1. If each residue of separation counts as 0.36 nm, what is the full-extension length gain between Arg52 and Gln75 once their alpha-carbon separation is subtracted?
2. Arrange the residues Ser2, Ser73, Ser29 by how much accessible surface each exposes, largest first, with a 1.4 angstrom probe.
3. Find the accessible area per residue for the range 34-95; the probe is 1.4 Å, ligands and nucleic acids are left out, and the unit is Å².
4. Would you please give the residues with an amide H less than 5 Å from that of Glu64, counting only those at least 5 places away or on a separate chain, with H modeled from the backbone geometry?
5. Counting only protein chains, not ligands or nucleic acids, how are Ser9, Ser97 ordered by accessible area (probe 1.4 Å), most first?
Amino acid sequence: MSKKNLVASGLIVLLAGFSDPAWGQEVTSLKRFRIGMPNRGVPNLGLMAAQRYGFFHAQRLDAELIVMRPSVSLQTLMAGDLDFSTVLASAARASVSGLPLRIVMSLTVG
């Protein structure tokens with residue numbers, strides 16, 4: 001093996017080592033957030049599946065799913081102790097009443 005090939009091989013191994021978090025000692029922290037939901041029913045099944053099967057972790061997210069009454073969910077959301085809530089009707093009424101909320105909604109038909 002020539003000296004040029006040896007140097008190129010060494011650089012490739014070095015770069016590959018730094019690009020992999022395990023070898024490069026890169027610290028990857030998860031962004032933590034809290035989601036309030038009224039129950040563990042079918043409408044929230046996607047969130048629970050994402051948590052159980054590691055979809056959140058694959059995106060470097062650490063989701064904490066918390067079951068709580070809709071009124072409590074909105075209170076904790078406004079206090080800043082909750083990042084998201086899945087209650088729609090209560091949030092819509094609160095938003096119309098003047099609370100600074102944004103409603104993001106998606107519907108799927110299967």
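1. That works out to 5.6 nm of additional length.
2. Final ranking, largest accessible area leading: Ser29, Ser2, Ser73.
3. 62
4. The answer is Phe33, Arg34, Ile35.
5. So, going from the largest accessible area down, we get Ser97, Ser9.
The values are calculated or read from the model by the stated rules, or taken from the named source; none is laboratory data. Please read all numbers here as calculations on a predicted model, not as lab measurements. Heavy atoms of the whole protein, side chains included, go into the accessibility calculation; ligands, DNA and RNA do not. Shrake-Rupley method; radii C 1.70, N 1.55, O 1.52, S 1.80 Å.
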